[in-house]
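See structure below.
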Amino acid sequence: MQPHPPPTRRRARTPAAPARRKPVDVGDGAAASDSATPCLLQRAHLQAVPSTLMIPLAARARGSRYFPWLACDDAVATSLVDRLGADVESCLDDLPTVLNVLWRTRAIKDAGRSFFLAHPQARGVNLGCGLSHHFQWLDTGANQWLDADLPEVMDLRGQLLPVRCPRTRQATVDLTQPGWWQRLGLPQGDGAGVQPVFIVCEGVLMYFQPAQVQAVLREFAQCAPAGSRLVLDVMTYRAVGHAAQHASVGPTGAEFHWGVGNMDELTAAHPRLALLRQQSVSECYGWPGVVLEALWWPWLGAPLYGLVTLGVGDGSP
Ligand SMILES: C[S@@+](CC[C@H](N)C(=O)[O-])C[C@H]1O[C@@H](n2cnc3c(N)ncnc32)[C@H](O)[C@@H]1O
């Protein structure tokens, strides 16, 4: 990929943009929406971590104006932001995060496409889905998809994005409660004819305690059929406890509790886990980004922000 540096000039925060977004802001853009939809967001009363779903939604809807080479053409996000009339300008002021989201969206899209090319009838799952919609890009015409998140988020999602395709499903899940794999009705075991599962978990696990993340990884490793994939985003443990300094997460009141100090930690939860791929957003900053990250690696222990693909059972990429 030809690296492109992100724009260096940031837009000033608009006077109308409030300093804090807790719960999620709803701006005055209701004129462009149907009158009931903006109220949905207000009525959802999202708590700190669930309210962070607006950050990636804003980036996918509007971020391509800053990073056109990473445009993800997310028609669903664009329509949702318009319908909700939400003030997403403050999210868009945080350009590094907009870049992170667009970069990871493209990487997840690529990972999903290659998985479903090999397994066109398999199932995809988005854990902590928020209002994201990967099935718009990954529908093979024969695969299945499950979007799952906390009840308050799925309630909002159900009203905004009702299930229309018989191969898709929505479910509530609390990933901090063991047994989620079975409760979601996901396939288990390695018997003949059991299809592997493609799982996305983006922008979620950094808000969990380290022991909770290990438990999620262990449950995936214990339950997932051979050949399954789990794509998740990671950041360095040096960011833990510093969400207040993060331009778009800080105002939500959410905190980062989990980060990676050594990439081996990702497979330590279970012997069945294999680290199949690791990617860093530093590639978007060209060689200066890659060199700087290499120099800082002994202190960071992991990418400042990156994506990993974990596999179970077969060890193949
Ligand atoms: C930053 S948002 C990311 C949303 C979505 N993955 C995306 O990229 O657009 C974080 C999401 O994690 C979800 N989440 C937080 N804790 C959770 C839990 N214990 N179980 C399931 N989802 C959770 C939140 O509700 C929220 O939708």
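FYI, it's all coordinate maths here, none of it is from the lab. These numbers were taken from a predicted model, which means no experiment stands behind them. Methodologically, a virtual Cβ is constructed for each residue, glycine included, from the backbone with ideal geometry; neighbour enumeration extends over all protein chains shown.
Over the chain, Cα pairs under 8 Å with separation of 6+ residues give a relative contact order of 18 percent. Just to confirm a number: summing +1 for Lys and Arg and -1 for Asp and Glu over residues other than E219 whose beta-carbon lies under 12 angstrom from that of E219, what do you get? Net charge around E219: +3.
Please say if the range 186-317 is rounded, prolate or oblate, where rounded means a/c under 1.5 for a ≥ b ≥ c the square roots of the C-alpha gyration tensor eigenvalues, and otherwise the choice is prolate for a/b larger than b/c and oblate otherwise?
Values: a/c = 2.27, a/b = 1.60, b/c = 1.42.
Judged from the Cα gyration tensor, the range 186-317 comes out prolate (a/c at least 1.5, a/b above b/c).
Relative to its Kirkwood radius, the Cα radius of gyration of the chain gives an Rg/Rh of 0.94. Karplus-based coupling profile of the range 167-173, in residue order and whole Hz: 8, 10, 8, 10, 8, 8, 7, with θ = phi - 60° in 6.51 cos²θ - 1.76 cosθ + 1.60 and x standing for Gly or Pro. Here the range 238-317 and the range 126-147 have alpha carbon centers that stand 24 Å from each other.
In the range 31-95, the alpha-carbon atoms span a convex hull of 88 Å³ per residue. With the Kirkwood sum run over all distinct C-alpha pairs, the range 193-251 has a hydrodynamic radius of 13.3 Å.
For V197, the amide hydrogen comes within under 5 Å of the amide hydrogens of S228, R229, counting only partners 5 or more places away or on other chains and with H modelled in the peptide plane.
Across the range 183-200, computed HN-Hα scalar couplings (Karplus, 6.51 cos²θ - 1.76 cosθ + 1.60, θ = phi - 60°) run 4, 7, x, 7, x, 10, x, 10, x, 4, x, 7, 7, x, 10, 9, 10, 10 Hz from first to last residue, x flagging Gly and Pro. The packing ranking of peptides 49-56, 77-84, highest mean first, is 49-56, 77-84, where packing means the average number of other beta carbon atoms within 10 angstrom of each residue.
3J(HN,Hα) along the range 73-80, derived from phi through the Karplus expression 6.51 cos²θ - 1.76 cosθ + 1.60 where θ = phi - 60°, amounts to 6, 8, 5, 5, 4, 4, 5, 5 Hz, with x in place of Gly and Pro. Name the shape class, rounded, prolate or oblate, that the alpha-carbon gyration tensor gives for the range 177-218, where a ≥ b ≥ c are the square roots of its eigenvalues, rounded holds for a/c under 1.5, and otherwise prolate holds if a/b is larger than b/c and oblate otherwise. It is prolate, given that a/c is not under 1.5 and a/b is the larger ratio. Directionally averaged projected area (the range 128-203, Cα convex hull): 5.7 nm².
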